[in-house]
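J.: Below is a structure I'd like to ask you about.
The values are calculated or read from the model by the stated rules, or taken from the named source; none is laboratory data. The model shown is predicted, which means the values in this text are computed figures rather than measured ones. Here Cβ is always computed from backbone atoms with ideal geometry, including for glycine, and neighbour counts include all displayed protein chains. Accessible surface areas use protein heavy atoms only, side chains included; no ligands, DNA or RNA. Shrake-Rupley method; radii C 1.70, N 1.55, O 1.52, S 1.80 Å.
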Amino acid sequence: MASSAEAFPRRVIRAAGVPEPPGWSQGIAAGGLVFVAGTMATDFVDGLVPAARPDPRRPFAVEPLELQSIEILRTIGQVLSAAGSDIRRDLLRVWQWAPAHYPSDAEYARGPSNWPRFGSATPYARQLKDMVGDPRRASTGIGVRQLPVPDALMAVDLIAAEHRPGVEKRAFDAPEGVPRPAAGYAPAIRYGDWVFLSGFGATDFKGDWMSPLNMGEPSLIAPEARVNPWIWLGSEIEAQTDYTLRCMERIAQAAGSSLERCVKADVTISHPSDFAGMDRVWRQWFPNDPPARTVVTGAQLVVKGLRIEIALTLLANDAAIGKATIHAEGVSDVPGHAPHAVKAGPLLFLSTQLPLDDDGVVPAALRRRAAMPHFDAWARLQADHVLGRIAAICHVAGTSLSNVCKVQAFLDDLAGLPDVLAARHAAFPSEPPVLTALATGGGDPLLIPGAHLQLEAIAYVPGG
């Protein structure tokens, strides 16, 4: 029997009638999965497409997000159809990115206590129900400072199944004692060897809402994940990280997996100062062979009081494929308790890649000079460096840059995006991976000062 790598080699998906993105592919299929680029309601020429704009004669007749959601989901449906998949059947893991109201740089610098009010996502959820229907998907919703199209209210990227007859998608509810999501998605999805856990944080989806109890600043945080606000002991980020991973362990077990089988973690913390506390707890839960880990900082979480959200990709306990930790000699370590990458069957999951030297800092040659800010192509220099790291890690894992399937690019300012795209074009001259580009925000939002971008990547491994 052919392996999933042999049966499902990497291929570019092009959907007729869908505008070509400027420098990335609409979709990539590889290893039995389909990766769809960050999708907005745009033609990449004139901003939002006309159908996504309210009629100026009747501007309040329909919510703008409703119109944009229709176009986003229609485009995704076309891309998946071109891959032989179906938006109403095959969604596995979905990321939703929405602009958030950010505090000032000075407020942000004081710490992670700011919570922005988001516009209601109900119009998007309504269209998901109408156009997708199937709630069996793992989901994450994150607030960011900038999307590439200024008037865009949502960008959606996802992983779907490359449909295989006889391989069914299964959804798993939260086990007894674990809070159930308030929105219409599944805590866990299994497809073949893979298990996807939705983004989860330290919330019971009740918190202080309509409660007479005083548990500190009102929020939606579960009582078990709080610390006493009236004493200077305790760590909110550690309490929230531990609570979240305890819940996710139980969800993973209900889905036929465990945290030991985790190959990739997507971690979002709103402020870099929470990284050390998160990583301390992470080492306790993953003492050996930790998963690859993306850590996004400077993003905003959609539940008030949350300081961390975690989503996981795991192998089922009875998976036919195994996992292997990848370390590339000569490539500096990634921050914290994570490897360069983890290989699982035909796919390679890379940890957060930042422009770092052997000391774990941004080298002077890659830094933007405050005295000469307009004379350095800082984004191009840092993107070239990070893509070089990815190439070296891919090589050790038995693959190459040409087999990268999916990239998420997090910048501190999308003014640097054209230089990042130029670096990508040099690295991927043909059949480029899908891309989602976002800017987080607030002063110096990325984990290492002086870094202006970080990349997350998943690659296909031939013969894997």
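J.: Once the piece of chain linking S258 and A324 is laid out straight, how much longer is it, given 0.36 nm per residue of separation minus the C-alpha distance between them?
T.: Net length gain for the segment: 22.1 nm.
J.: Mind checking the full-extension length gain between A16 and V167? Use 0.36 nm per residue of separation minus the Cα-Cα distance, one decimal, nm.
T.: Full-extension gain reported as 51.6 nm.
J.: Here's something else I'd like to know. Extension gain R246-L233, at 0.36 nm per residue separation less the Cα-Cα distance, in nm?
T.: 2.5 nm
J.: For Rg/Rh (Cα atoms, Kirkwood Rh), one of (1) 0.94; (2) 1.58; (3) 0.99 was computed from the structure I shared and the rest are decoys. Which label?
T.: Read-out taken from this structure: (1).
J.: How large is the accessible surface of L147 in square angstrom, using a 1.4 angstrom probe and rounding to the nearest 10?
T.: Counting only protein heavy atoms, the figure is 10 Å².
J.: Accessible surface of T325 in the full protein assembly, 1.4 angstrom probe, to the nearest 10 Å²?
T.: Surface open to solvent at T325 totals about 70 Å².
J.: So how many Lys-Lys pairs in the chain land under 23 Å Cα to Cα, not counting same-chain pairs under 8 apart?
T.: 12
J.: For the chain, what % of the accessible area comes from carbon and sulfur atoms, probe 1.4 Å?
T.: C and S atoms contribute 54 percent here.
J.: In addition: Under 11 Å from the Cβ of W282, count the other residues' Cβ atoms, weight Lys and Arg +1, Asp and Glu -1, and hand me the total. List each step's numbers first, then the result.
T.: Values: positive: R280, R283, R293; negative: E238, D242, D279.
Once all neighbours under 11 Å are counted, the net charge is 0.
J.: A further question on this structure: So, in nm, how far is label D86 from label A365 when the simple model puts each one 7 Å beyond its Cα toward the Cβ?
T.: About 5.4 nm, to one decimal.
J.: Another one. Treating the beta-carbon of each Lys and Arg as +1 and of each Asp and Glu as -1, no other charges, what is the dipole magnitude of the range 113-182 about its Cα centre, to the nearest 20 debye?
T.: Dipole size: approximately 100 debye.
J.: Taking only protein heavy atoms and a 1.4 Å probe, what accessible area per residue, in Å², does the range 29-98 have with all protein chains in place?
T.: Roughly 39 Å² per residue, with all protein chains present.
J.: Using the membrane-span-like helix rule (whole DSSP H runs, Cα extent along the own axis of at least 18 Å, mean Kyte-Doolittle hydropathy at least 0.0), which helices of the chain qualify? Spell out each step's value before the answer.
T.: Numbers: long enough: 64-82 (28 Å, 0.63); 236-254 (27 Å, -0.53); 378-396 (28 Å, 0.58).
Helix filter hits for the chain: 64-82, 378-396.
J.: Now for a different question. Skip the ligands, DNA and RNA, and give the accessible area per residue of the range 239-379 with a 1.4 Å probe, whole Å².
T.: Computed with neighbouring chains in place, this is 36 Å² per residue.
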